[in-house]
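The values are calculated or read from the model by the stated rules, or taken from the named source; none is laboratory data. Treat the numbers as computed from the prediction; the structure is a model and nothing was measured. As a convention, Cβ positions derive from the backbone with ideal geometry for all residues, glycine included, and neighbour counts pool all protein chains shown.
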Amino acid sequence: MQMFENYSSHWMDGDLEQFEAVVARFFREQVEPNDLKWREAKRTGRDVWRKAGELGIILPDVPEQYGGSGGTPAHMAVVIREQARVGDAAFGVMLSHIVGHYILAFGTEAQKLRWLPGIASGEVICSIAMTEPGTGSDLQAIRCRADRAGDAYVVNGAKTFITNGQQSDFVLVVARTGAEGAKGISLILVETATPGFRRGKCLDKIGIEGADTSEMYFDDCTVPADNVLGGVEGQGFYQLMGQLPHERAAIAISAQGAMERALALTLDYVKERKAFGKAIVDFQNTRFELADIKATVLACRTFCDHVIEKWVDGTLDSALASMAKFWLTDRQVEVIDRCLQFFGGYGYMREYPIARMYTDARVQRIYGGANEIQRELVGRSL
Ligand SMILES: Cc1cc2nc3c(=O)[nH]c(=O)nc-3n(C[C@H](O)[C@H](O)[C@H](O)COP(=O)(O)OP(=O)(O)OC[C@H]3O[C@@H](n4cnc5c(N)ncnc54)[C@H](O)[C@@H]3O)c2cc1C
């Protein structure tokens, strides 16, 4: 999508452009046409995972020895951006990517070899379960427990709002293995076939309906002690702090892709739709509004490119990722709202992509850590 004349992202190169063409085609052909069907079914089904796995786009930035494609975070940035550019949020590839990177960064060699190839190929779908009915923002207050019993952990508790929850084959569970506070938290890998694991309701949402978002229950769910991420308990909070900036950067990139799509759809529409005998684009208000929106989207793009460059060179820090997350998702919600206005009544009809983008966007300010929490994190760094 060539949105800005004479602007190109510095982190893109010839190899990434070729990859982008493959990824864009995948989303255009295998994902976009399924939008309404998946929203209705509240899930994607497994086919799309396998197809994405065959193309190497689930873990494009994981070494080949673990089944990945041996690329860099720039490859994942391309995947996220292309997904947003077709308006999709149903295919939970970002979550499998996130879980894969927890394992790559902190897992033991045996955990990497056991889990990563299946995630990369799309055979294994993953979730990460942090949020509980009683706590989301305050992660240190989680109550789900994993108690050591010989060479096993016994997991008990409830989680909610878990993406990929109905389809996942394993869940990276944030659980308390020790005392109150950060040092008592561990990440435990739980296969969903384990007795004592139960999926709850697939939740009814106002947007991104095709992404299955679920409750989960653990009742004496017993897993081998080897399933603690990294093999040592008490590291969970530090592991989360290490990976959450990547999740936040990814959300920011998806916000960027969505804004670019909203602007492109709107430009097409205002040139076609007529009122008072002229195209809507010929009203000065339309041109001023769209000039403003285009400037905002370009400013977001340059910010986003800066974040991607930092991610690629390994210098993305927590404050920058939080800034990008809150700022780009706030802009996403505003930009889509302003774009929708030009569609008049049609903008309120779900049949029109801009209407679905409007309801899909809202959650971006909530998950991955609410935007207020992101401002808090940035505030601490001032
Ligand atoms: C569609 C969807 C998918 C999700 N996917 C996942 C997933 O895959 N895995 C997962 O673990 N979780 C997931 N979540 C959960 C999400 O991360 C949480 O909803 C989010 O972190 C907020 O937690 P909460 O809902 O408990 O809100 P609360 O923590 O109760 O906060 C409510 C509001 O209070 C305000 N607030 C809270 N603390 C502060 C503070 N310190 N300063 C200022 N204001 C504050 C904020 O406005 C916040 O939005 C998902 C949620 C949704 C809706």
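Is the range 96-104 home to any residue that is under 30 Å from Gly207 (Cβ atoms), assigned by TED's automatic domain parsing to the domain that holds Phe19, within 18 Å of the chain's Cα centre (by Cα) and of a type in the set (Ser, Thr, Tyr)? Even if it seems obvious, please write down each step before you answer.
Here is the first cut: in the range 96-104, the ones under 30 Å from Gly207 (Cβ atoms) are 96-103.
Now drop any that are not assigned by TED's automatic domain parsing to the domain that holds Phe19, which leaves 96-103.
If we keep only those that are within 18 Å of the chain's Cα centre (by Cα) as well, we get 96-103.
Now restrict to residues that are of a type in the set (Ser, Thr, Tyr): 96, 102.
Yes: the range 96-104 contains one or more residues that are under 30 Å from Gly207 (Cβ atoms), assigned by TED's automatic domain parsing to the domain that holds Phe19, within 18 Å of the chain's Cα centre (by Cα) and of a type in the set (Ser, Thr, Tyr).
Restricting the search to the range 146-174, which residues are under 15 Å from Asp226 (Cβ atoms) and either more than 12 Å from the ligand (Cβ to nearest atom) or outside any strand (DSSP E or B) (or both)?
Of the residues in the range 146-174, the ones under 15 Å from Asp226 (Cβ atoms) are 146, 148-155, 170, 172-173.
Hits for the range 146-174 are Ala146, Arg148, Ala149, Gly150, Asp151, Ala152, Tyr153, Val154, Val155, Phe170.
Mind listing just one residue for me: the one in the range 370-382 that is more than 23 Å from Asp88 (Cβ to Cβ) and among the polar types (S, T, N, Q) and, of those, farthest from the ligand (Cβ to nearest atom)?
The qualifying residue farthest from the ligand (Cβ to nearest atom) is Ser381.
Given the condition among the small types (Gly, Ala, Ser) and either in a strand (DSSP E or B) or closer than 21 Å to Gly157 by Cβ (or both), answer yes or no: does some residue in the range 215-231 qualify? Break it down into steps so the answer makes sense when it comes.
Going residue by residue through the range 215-231, those that are among the small types (Gly, Ala, Ser) are 225, 230-231.
Next cut, either in a strand (DSSP E or B) or closer than 21 Å to Gly157 by Cβ (or both) only: 225, 230.
Looking for residues that are among the small types (Gly, Ala, Ser) and either in a strand (DSSP E or B) or closer than 21 Å to Gly157 by Cβ (or both), one finds at least one in the range 215-231, hence yes.
Could you list all residues from the range 178-192 that are in contact with a Phe, Trp or Tyr (Cβ under 7 Å, 6 or more places away or on another chain) and buried (at least 20 other Cβ atoms within 10 Å of the Cβ)?
Passing the criteria: Ile185, Leu187, Ile188, Leu189, Val190.
When you scan the range 175-198, how many residues do you find that are in a loop (DSSP other than H, G, I, E, B), farther than 18 Å from Ser137 by Cβ and more than 16 Å from the ligand (Cβ to nearest atom)? Spell out the reasoning first.
From the range 175-198, those in a loop (DSSP other than H, G, I, E, B) are 177-181, 192-196; that's our starting set.
Now drop any that are not farther than 18 Å from Ser137 by Cβ, which leaves 177-179, 192-196.
Now restrict to residues that are more than 16 Å from the ligand (Cβ to nearest atom): 177-179, 193-196.
Going through the range 175-198 one residue at a time, the tally reaches 7.
Rundown of residues vs (1) more than 16 Å from the ligand (Cβ to nearest atom); (2) in contact (Cβ under 8 Å) with a residue 60 or more places away in the chain; (3) more than 26 Å from Tyr7 (Cβ to Cβ), yes/no style:
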site	(1), (2), (3)
Phe288	yes, no, no
Val307	yes, no, no
Ser318	no, yes, yes
Arg331	yes, yes, no
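When you check Trp311 against the structure, is it touching a residue at least 24 places away in the same chain (Cβ under 8 Å), aromatic (Phe, Trp, Tyr), more than 21 Å from Ile366 (Cβ to Cβ) and in a helix (DSSP H, G or I), yes or no?
Details: touching a residue at least 24 places away in the same chain (Cβ under 8 Å): yes; aromatic (Phe, Trp, Tyr): yes; more than 21 Å from Ile366 (Cβ to Cβ): yes; in a helix (DSSP H, G or I): yes.
Yes, satisfied.
Looking only at the range 266-286, which residues are without any contact (Cβ under 8 Å) to a residue 40 or more places away in the chain, assigned to a helix (DSSP H, G or I) and surrounded by 14 or more Cβ atoms within 10 Å (Cβ to Cβ)?
Leu267, Val281, Asp282 - these are the residues of the range 266-286 that are without any contact (Cβ under 8 Å) to a residue 40 or more places away in the chain, assigned to a helix (DSSP H, G or I) and surrounded by 14 or more Cβ atoms within 10 Å (Cβ to Cβ).
So which helices (runs of 4 or more DSSP H) stay within the range 22-125 end to end and still have 3 or more residues that are surrounded by fewer than 17 Cβ atoms within 10 Å (Cβ to Cβ)? Full working, then the answer.
Numbers: elements: 35-41, 47-55, 73-85, 93-106, 109-121.
Filter on the range 22-125 gives 35-41, 47-55, 109-121.
What residue, of Ala262, Ala211, Ala175, is crowded, with 16+ Cβ neighbours inside 10 Å, touching a helix residue (DSSP H, G or I) at 6+ places or on another chain (Cβ under 8 Å) and outside the structural domain of Lys294 (by TED's automatic domain parsing)?
Working: Ala262 fails: outside the structural domain of Lys294 (by TED's automatic domain parsing); Ala211 fails: touching a helix residue (DSSP H, G or I) at 6+ places or on another chain (Cβ under 8 Å).
Result of the check over Ala262, Ala211, Ala175: Ala175.
I'm trying to understand the selection: among the residues of the range 348-369, which are more than 18 Å from Ala90 (Cβ to Cβ), over 14 Å from the mean Cα position of the chain (by Cα) and either within 15 Å of the ligand (Cβ to nearest atom) or assigned to a helix (DSSP H, G or I) (or both)?
Of the range 348-369, the ones more than 18 Å from Ala90 (Cβ to Cβ) are 348-349, 365, 369.
Now narrow it down to the ones that are over 14 Å from the mean Cα position of the chain (by Cα): 348-349.
Of everything in the range 348-369, just one residue is more than 18 Å from Ala90 (Cβ to Cβ), over 14 Å from the mean Cα position of the chain (by Cα) and either within 15 Å of the ligand (Cβ to nearest atom) or assigned to a helix (DSSP H, G or I) (or both), namely Tyr348.
If you take the residues of the range 232-248 that are over 30 Å from Ala77 (Cα atoms) and surrounded by fewer than 19 Cβ atoms within 10 Å (Cβ to Cβ), which of them is farthest from the ligand (Cβ to nearest atom)?
Pass one, the range 232-248, residues over 30 Å from Ala77 (Cα atoms): 232-234.
Next cut, surrounded by fewer than 19 Cβ atoms within 10 Å (Cβ to Cβ) only: 232, 234.
Values: Val232: 22, Gly234: 20 Å.
For the range 232-248, the residue satisfying everything is Val232.
Under the condition of being within 18 Å of Val228 (Cα to Cα) and among the hydroxyl-bearing types (Ser, Thr, Tyr), which residue from the range 97-139 is farthest from the ligand (Cβ to nearest atom)?
Thr108
Among the residues in the range 294-301, are any free of Cβ contacts under 8 Å to residues at least 24 places away in the same chain, surrounded by fewer than 18 Cβ atoms within 10 Å (Cβ to Cβ) and not polar (S, T, N, Q)?
Taking the range 294-301 as the starting set, the residues that turn out to be free of Cβ contacts under 8 Å to residues at least 24 places away in the same chain are 295, 299.
Those left that are additionally surrounded by fewer than 18 Cβ atoms within 10 Å (Cβ to Cβ): 295, 299.
Keeping just the survivors that are not polar (S, T, N, Q) gives 295, 299.
Scanning the range 294-301, I find at least one residue that is free of Cβ contacts under 8 Å to residues at least 24 places away in the same chain, surrounded by fewer than 18 Cβ atoms within 10 Å (Cβ to Cβ) and not polar (S, T, N, Q), so the answer is yes.
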